[in-house]
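To keep things clear, I will list the structure first and then write my remarks on it.
Where a number appears in this text, it was derived from the coordinates with a stated rule and is not lab data. Values in this document were obtained by computation on a predicted structure and should not be read as measured data. Glycine gets a Cβ as well: all are built from the backbone with ideal geometry, and neighbour counts include every protein chain shown.
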Amino acid sequence: MGAVITVCSKSPPGGRCKLYIAYADSLAGLLTMTARVVYAGTERTAEPPALVVDGRVIEPADAFMLTPEDIVAGLDGMGLSYDSGTVLARLAEVERKLMEG
């Protein structure tokens, strides 16, 4: 795909920031994206915590925390071609591990 996924994070990253970084790392591996993290005081496209794909912020449905479903909906809205079931399952596993951890 060649897309860039950016996490706008607080420094040091807290709970949601760590989750979004883990989401980005997982997406990068699955979808051939480049993942990067930007912190307060650097170039950002959104207030932290935020997940941004090719300049478009993916918004959480509850206005608080992104879920795997929010991310898949955001990617779908961008018209990307990918296996949404695989992405959803992988992101759900990332979320589960961080919540348990």
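List the trypsin sites (Lys or Arg not before Pro) within region 13-63 that fall in a DSSP loop (any state other than H, G, I, E or B) and whose Cβ has at most 16 other Cβ atoms within 10 Å.
Arg44
Relative contact order for the chain: what percent, with Cα pairs under 8 Å and sequence separation of 6 or more?
Computed over the chain, the figure is 30 percent.
What chymotrypsin sites (Phe, Trp or Tyr not before Pro) does region 29-101 have in DSSP loop regions with at most 12 other beta carbons within 10 Å? Spell out each step's value before the answer.
Details: sites: Tyr39, Phe64, Tyr82; in loops: Phe64, Tyr82.
Within region 29-101, the qualifying chymotrypsin sites (Phe, Trp or Tyr not before Pro) (loop, at most 12 other Cβ atoms within 10 Å) are Phe64.
Dipole size in debye (nearest 20) for the chain around its Cα centre, Lys and Arg Cβ +1, Asp and Glu Cβ -1?
Magnitude of the dipole: close to 340 debye.
Out of region 42-101, which GluC sites (Glu not before Pro) are coil in DSSP terms and have no more than 13 other C-beta atoms within 10 Å?
Filter output for region 42-101: Glu43.
Counting only residues 5 or more places away or on other chains, whose amide H sits under 5 Å from the amide H of Val4 once H atoms are built in the peptide plane?
Under 5 Å from the amide H of Val4: Thr34, Asp54.
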